[in-house]
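The values are calculated or read from the model by the stated rules, or taken from the named source; none is laboratory data. Not measured: the values here are computed from a predicted model. Note: ideal-geometry Cβ built from the backbone for every residue, glycine included; neighbour counts use all protein chains shown. Protein only, heavy atoms only, side chains kept; ligands, DNA and RNA dropped before computing areas. Shrake-Rupley method; radii C 1.70, N 1.55, O 1.52, S 1.80 Å.
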Amino acid sequence: MLSEVLLVSAPGKVILHGEHAVVHGKVALAVALNLRTFLLLRPQSNGKLSLNLPNIGIKQVWNVAELQLLDTSFLEHGDGPAPTPEQLEKLKKVAGLPGDCVGTEGLAVLAFLYLYLTICRKQRTLPSLDIVVWSELPPGAGLGSSAAYSVCLVAALLTACEEITNPLKDKGAIGRWPDEDLESINKWAYEGERVIHGNPSGVDNAVSTWGGALRYQQGKMSSLKRLPALQILLTNTKVPRSTKALVAGVRSRLIKFPEIVAPLLTSIDAISLECERVLGEMAAAPAPEHYLVLEELMDMNQHHLNALGVGHTSLDQLCQVTAAHGLHSKLTGAGGGGCGITLLKPGLERAKVEAAKQALTSCGFDCWETSIGAPGVSMHSAASVDDPVRQALGL
């Protein structure tokens, strides 16, 4: 076991193009969002395991000696980790959680315990740790907050247990793991996601692990090489929606109007492919006309998504407000409310961006100025993170 304090971060994600079409076998482009989740792991000698999640008001403490005495043979797995419903029921008892804990809070604690017990049980004795996780990502907004949480937990636990290398051992400010270690992080983080979501696609944890951008189609993922840095406004309308209901709505519209909806899905696929091509060109030499194409693609995709029935008056308002400031936006994720992204091309006047942000905030929306194509899971020295992060983690 390592004895040093570890500070890890991982990004969220947005879908740039291809939401809903991806369900029907088309291409989706998912990009890492530079709103990050941060985890601080402090080894302890007090015989306690503590988990503190200030964003959702959770502080849980367990006695390591009691966890050590548990029969965790139910966590044994063959060729790969895969939590079964029966294992999770047993784990709830271990965690002292009520049987019906299905909310964000209960699932976050359950995923933590599952990962701690399965990763650390190879140690001679279970380690005493104090773990704090704090996020810039709003939960439940379709921005991959649970995947960033799982990726941070796994990267910290595997590093602490010396299952993977410590990328900061040469005392730099920020370190990234080699590909082989990232594969392990991604595999385990997917298991954390399975505890939380049941049957996730694996896109969110892959984007959070590797960063940059991923192309996803029919279960196959590939990294987009060398992505240009793109600045965006991310806006959360805070309108709740059911992804399941929206996906079902598109499916029923496809059955009702196959000759209308199938071409829309093919067209969205073509938008994703054109965006991928343009981003490839921009990585080598970005030019102003590239940004104009990206803006046009966003406008067209937003209209297509409205035609599929996954728009919402709040998203129309978001697009109208940003258009009034000469900016281009689209929904990201499931639609029906949720979040939208607005492209900020280089050289925009500061006043224009500030005015757009102010107008969006006065609609009752939350708004962040951030970037996409962010680095994946990283290890940091305490000095390399901003003051708000240090305060939130108690550094």
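Inside segment 300-387, counting only strands (runs of 3 or more DSSP E) that do not spill past its ends, which hold 1 or more residues that are surrounded by fewer than 15 Cβ atoms within 10 Å (Cβ to Cβ) and touching a Lys or Arg at 6+ places or on another chain (Cβ under 7 Å)?
366-372
List the number of the failed condition for Ile196; all other conditions in (1) modelled with pLDDT of 90 or more; (2) within 19 Å of the chain's Cα centre (by Cα); (3) of a type in the set (Val, Ile, Thr); (4) not in a strand (DSSP E or B) hold.
Looking at each condition in turn, Ile196 falls short on (1).
For segment 341-363, name all the residues that are of a type in the set (A, V, I, L, M) and under 24 Å from the mean Cα position of the chain (by Cα).
Those that are of a type in the set (A, V, I, L, M) and under 24 Å from the mean Cα position of the chain (by Cα): Ile341, Leu343, Leu344, Leu360.
For Asp366, are the conditions met, namely being within 24 Å of the chain's Cα centre (by Cα), over 30 Å from Lys225 (Cβ atoms) and not basic (Lys, Arg)?
It is true that Asp366 is within 24 Å of the chain's Cα centre (by Cα), over 30 Å from Lys225 (Cβ atoms) and not basic (Lys, Arg).
Under 9 Å between Cβ atoms, which residue pairs at least 6 apart in sequence (or on different chains) link something in segment 269-297 that is under 19 Å from Gly18 (Cα atoms) with a partner that is among the hydroxyl-bearing types (Ser, Thr, Tyr) and not in a loop (DSSP other than H, G, I, E, B)?
Final answer for the pair search is Leu297/Ser272.
Can you find a residue that is out of contact with any strand residue (DSSP E or B) (no Cβ under 7 Å at 6 or more places or on another chain), farther than 25 Å from His328 by Cβ and in a strand (DSSP E or B) anywhere in segment 218-234?
Yes, because at least one residue in segment 218-234 is out of contact with any strand residue (DSSP E or B) (no Cβ under 7 Å at 6 or more places or on another chain), farther than 25 Å from His328 by Cβ and in a strand (DSSP E or B).
For residues that are touching a residue at least 60 places away in the same chain (Cβ under 8 Å) and assigned to a loop (DSSP other than H, G, I, E, B), scanning just segment 41-61, find the one that is most open to solvent (accessible area, probe 1.4 Å).
So the residue we want is Ser45.
Mind listing just one residue for me: the one in segment 29-62 that is β-branched (Val, Ile, Thr) and in contact with a Leu (Cβ under 9 Å, 6 or more places away or on another chain) and, of those, nearest to Val151 (Cα to Cα)?
Of everything passing the filter in segment 29-62, Thr37 is nearest to Val151 (Cα to Cα).
Of the numbered conditions (1) surrounded by fewer than 20 Cβ atoms within 10 Å (Cβ to Cβ); (2) without any contact (Cβ under 8 Å) to a residue 40 or more places away in the chain, Val154 satisfies every one except a single condition; which is it?
The number of the failed condition is (1).
Can you pull out every residue in segment 167-193 that is of a type outside the set (Lys, Arg), more than 25 Å from Thr84 (Cβ to Cβ) and either in a loop (DSSP other than H, G, I, E, B) or open to solvent by less than 10 Å² (accessible area, probe 1.4 Å) (or both)?
Listed by number, the residues that qualify are Pro167, Leu168, Asp170, Gly172, Ala173, Gly175, Trp177, Pro178, Leu182.
Quick test for you: out of Ala248, Ala213, pick the one residue that is under 22 Å from Lys330 (Cα atoms), hydrophobic (A, V, I, L, M, F, W, C) and without any contact (Cβ under 8 Å) to a residue 40 or more places away in the chain.
So the residue among Ala248, Ala213 that is under 22 Å from Lys330 (Cα atoms), hydrophobic (A, V, I, L, M, F, W, C) and without any contact (Cβ under 8 Å) to a residue 40 or more places away in the chain is Ala248.
Residues to consider are Glu289, Glu259; find the one that is open to solvent by 70 Å² or more (accessible area, probe 1.4 Å) and more than 18 Å from Lys26 (Cα to Cα).
Unique residue meeting the criteria: Glu289.
Cβ-Cβ distance below 6 Å, separation of 6 or more or different chains: which pairs start in segment 333-357 with a residue that is of a type in the set (A, V, I, L, M) and end on one that is modelled with pLDDT of 95 or more and part of a helix (DSSP H, G or I)?
From residues that are of a type in the set (A, V, I, L, M), the pairs are Leu343/Leu294; Leu343/Glu295; Ala356/Thr322.
How many of the residues in segment 358-385 are farther than 11 Å from Leu234 by Cβ and either at pLDDT 95 or above or not hydroxyl-bearing (Ser, Thr, Tyr) (or both)?
Result for segment 358-385: 17.
Any idea which residue in segment 202-226 is modelled with the lowest pLDDT, counting only those that are open to solvent by 70 Å² or more (accessible area, probe 1.4 Å) and not hydrophobic (A, V, I, L, M, F, W, C)?
The qualifying residue modelled with the lowest pLDDT is Arg226.
Looking only at segment 115-166, count every residue that is touching a Cys at 6+ places or on another chain (Cβ under 8 Å), closer than 21 Å to Leu91 by Cα and assigned to a loop (DSSP other than H, G, I, E, B) and tell me the total.
Adding up the residues that qualify gives 4.
Within segment 132-144, is even one residue in contact with a Leu (Cβ under 7 Å, 6 or more places away or on another chain), at pLDDT 90 or above and open to solvent by 30 Å² or more (accessible area, probe 1.4 Å)?
For segment 132-144, residues in contact with a Leu (Cβ under 7 Å, 6 or more places away or on another chain), at pLDDT 90 or above and open to solvent by 30 Å² or more (accessible area, probe 1.4 Å): present.
Inspect segment 367-376 for any residue being out of contact with any Cys (no Cβ under 6 Å at 6 or more places or on another chain) and at positive phi and give the result as yes or no.
Checked against the condition, which is being out of contact with any Cys (no Cβ under 6 Å at 6 or more places or on another chain) and at positive phi, segment 367-376 yields at least one hit.
So which pairs qualify, if the first residue must be in segment 361-386 and among the aromatic types (Phe, Trp, Tyr), the second must be assigned to a strand (DSSP E or B) and surrounded by fewer than 16 Cβ atoms within 10 Å (Cβ to Cβ), the Cβ gap must be under 6 Å, and the two must be at least 6 apart or on different chains?
Close Cβ pairs (under 6 Å, with a partner that is assigned to a strand (DSSP E or B) and surrounded by fewer than 16 Cβ atoms within 10 Å (Cβ to Cβ)) do not exist here.
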